Amino acid sequence: MSFPKRALIKELLASQPGTAVTLAGWVKTVRVSKGGFSFVTVNDGTCQASIQVVADKVLPNYEGEVSRLLAGASVLVRGDLVASQGKGQTVEVKASEVTVLGKADETFPIQPKKHTMEFLREVAHLRPRTNLFGAVARVRNEVCRAIHEFFQGESFLYVNTPIITASDCEGAGQMFRVSTLDPAQPPRTPEGTVDYAQDFFSKQAFLTVSGQLEGETYACALGRIYTFGPTFRAENSNTPRHLAEFWMVEPEAAFADLDDDADLAERFLKHIFRSVLARCPEDLKFLAERNDPTLVDTLKAIVDSDFARLSYTEAVELLKASGKAFEFPVSWGMDLQTEHERWLTEEKFKKPVIVMNYPAKIKAFYMRLNDDAAQHGGEPTVAAMDVLMPKIGEIIGGSQREDRLELLESRLKAQGLEPEDYWWYLDLRRYGSVPHAGFGLGLERAVQFVTGMSNIRDVIPYPRVPRSAEF
């Protein structure tokens with residue numbers, strides 16, 4: 001068939017009655033009246049709302065197809081846009097022709113009733129047809145659009161960093177190996193170990209945990225860059241906040257220090273939230289009703305607030321003095337837990353908080369050492385920052401990078417890493433080293449916050465978690 005030009009449902013719902021229209025979409029519900037009419041609600045994914053199509057028995061395929069439509073079927077409708085007699089919408093379509101493109105039967109899993117989130121994860125290929133996951137997908141799209149808009153507007157260049165790498169940016173070793181060797185009979189060295197010299201890359205290779213290190217090389221040539229791509233962590237975490245595959249946004253700016261980094265992160269988050277509020281009001285309203293009635297007010301308050309800033313040491317002192325019985329008792333040198341981060345943002349400051357200058361021993365090798373060890377009993381801190389949000393805790397982690405060659409080499413060795421494996425990264429400190437800083441935002445963590453979804457597995461199309469790689 002020659003497919004006609006169709007109008008989008010989001011456009012039709014904002015139009016005035018009195019025009020001939022063509023639309024296409026998927027059937028949500030069907031109500032057949034005794035008077036020979038069928039009321040078919042159709043959605044095409046462009047907005048939260050569906051449009052009602054009124055089809056009567058004069059249609060040649062009414063008895064054979066239209067009156068027998070079920071949820072999940074796809075249709076092409078021609079007709080007139082008319083004023084609606086029903087509640088909740090101003091217009092509907094009086095059909096002059098309904099073509100059934102794809103039938104559905106009673107086994108279609110997404111019926112007009114309440115489904116559990118666990119069930120919907122089992123049918124992740126069909127869950128975008130629900131109101132909830134349609135809203136999440138549209139908000140996720142807007143977050144991504146806003147990310148590119150922000151960095152392009154701030155003269156950052158978009159750089160694509162490798163997905164396959166030989167470097168462990170975080171030094172934690174939780175990486176997925178990439179190999180073409182036969183896992184049942186890999187080649188062996190004379191010592192009996194796997195001979196990766198015979199592998200595709202002649203060395204061990206992994207899926208990246210971060211594009212930061214490679215991003216730094218471009219920032220130290222082009223000034224300001226950002227990466228935005230998939231990253232992978234082989235971390236056995238079955239929590240509502242962890243995925244094995246997720247998307248990271250990582251800006252990097254030369255000639256910048258930790259304060260510049262914090263300023264950038266605050267502007268960045270406010271831009272994302274402001275864009276979602278402006279462009280997705282219908283979806284946010286639905287998500288607030290479904291997930292969190294304070295959702296929209298929280299986003300507006302963050303956009304209008306100045307983030308609180310304090311040092312890690314000050315944060316620990318406040319937590320100790322709070323009188324609150326935390327599950328994880330607070331002491332200087334420990335990593336802050338979500339309960340500590342939420343207390344700071346929700347109870348103490350009642351707004352986002354940027355915590356800066358963490359103990360070096362709990363942070364990555366690439367973070368710049370501060371000259372303050374004498375203040376903390378010989379324990380140095382690094383120029384690191386975490387941006388904490390109400391309800392979820394950390395949403396951004398960043399730092400000023402160590403730009404001094406000798407100190408970077410010593411930090412690598414202290415964390416059990418071989419400097420020769422990072423020779424190219426160390427070259428940045430040999431040839432025109434400059435102060436530079438950056439941060440990472442997990443896209444799914446941001447979308448989870450903006451949508452109020454309780455589980456991060458429900459803000460990515462196909463979640464990859466321990467013991468689950470379906471679809």
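The values are calculated or read from the model by the stated rules, or taken from the named source; none is laboratory data. What you are looking at is a predicted structure, and each value in this text was computed from that prediction instead of being measured. Here the Cβ positions follow ideal geometry from the backbone for every residue, glycine too, while neighbour counts run over all protein chains shown. Surface areas here come from the heavy atoms of the whole protein model, side chains and all, with no ligands, DNA or RNA. Shrake-Rupley method; radii C 1.70, N 1.55, O 1.52, S 1.80 Å.
Determine which member of the set 42, 91, 30 is at pLDDT 95 or above, open to solvent by 30 Å² or more (accessible area, probe 1.4 Å) and on the phi < 0 side of the Ramachandran plot.
30
Yes or no: the stretch 142-163 includes at least one residue that is touching a residue at least 60 places away in the same chain (Cβ under 8 Å), basic (Lys, Arg) and farther than 18 Å from residue 442 by Cβ.
no
Return the only residue of 46, 22 being within 23 Å of residue 279 (Cα to Cα), free of Cβ contacts under 8 Å to residues at least 60 places away in the same chain and under 39 Å from the mean Cα position of the chain (by Cα).
Matching residue, one of 46, 22: 46.
List the number of the failed condition for residue 457; all other conditions in (1) within 30 Å of residue 127 (Cα to Cα); (2) surrounded by fewer than 18 Cβ atoms within 10 Å (Cβ to Cβ) hold.
(2)
Could you list, in sequence order, all residues of the stretch 397-442 that are of a type in the set (Lys, Arg), touching a Lys or Arg at 6+ places or on another chain (Cβ under 7 Å), surrounded by 17 or more Cβ atoms within 10 Å (Cβ to Cβ) and closer than 28 Å to residue 266 by Cβ?
Correct list: 401 only.
Filtering the stretch 221-238 down to residues that are open to solvent by 50 Å² or more (accessible area, probe 1.4 Å) and of a type outside the set (A, V, I, L, M), which residue is farthest from the chain's Cα centre (by Cα)?
Here is the first cut: in the stretch 221-238, the ones open to solvent by 50 Å² or more (accessible area, probe 1.4 Å) are 221-222, 224, 233, 235-236, 238.
So of that shortlist, the ones also of a type outside the set (A, V, I, L, M) come out as 224, 233, 235-236, 238.
On the way: 224: 22, 233: 15, 235: 18, 236: 20, 238: 18 Å.
Per the stated criteria, the residue is 224.
Please give the number of the condition residue 259 fails out of (1) crowded, with 17+ Cβ neighbours inside 10 Å; (2) assigned to a helix (DSSP H, G or I).
Result: residue 259 fails condition (1) only.
Please enumerate the residues belonging to the stretch 301-334 that are assigned to a helix (DSSP H, G or I) and in contact (Cβ under 8 Å) with a residue 24 or more places away in the chain.
Passing the criteria: 301, 302, 303, 312, 313, 315, 318, 319.
Give me the pairs: first residue in the stretch 414-426 and closer than 12 Å to residue 365 by Cα, second residue open to solvent by 60 Å² or more (accessible area, probe 1.4 Å), beta-carbon distance under 7 Å, and six or more apart or on different chains, which are they?
These pairs meet every condition: 419/413.
Name the one entry in 335, 283 that is modelled with pLDDT of 95 or more and over 24 Å from residue 133 (Cα atoms). Walk me through how you get there before you give the answer.
On the way: 283 fails: over 24 Å from residue 133 (Cα atoms).
The unique qualifying residue is 335.
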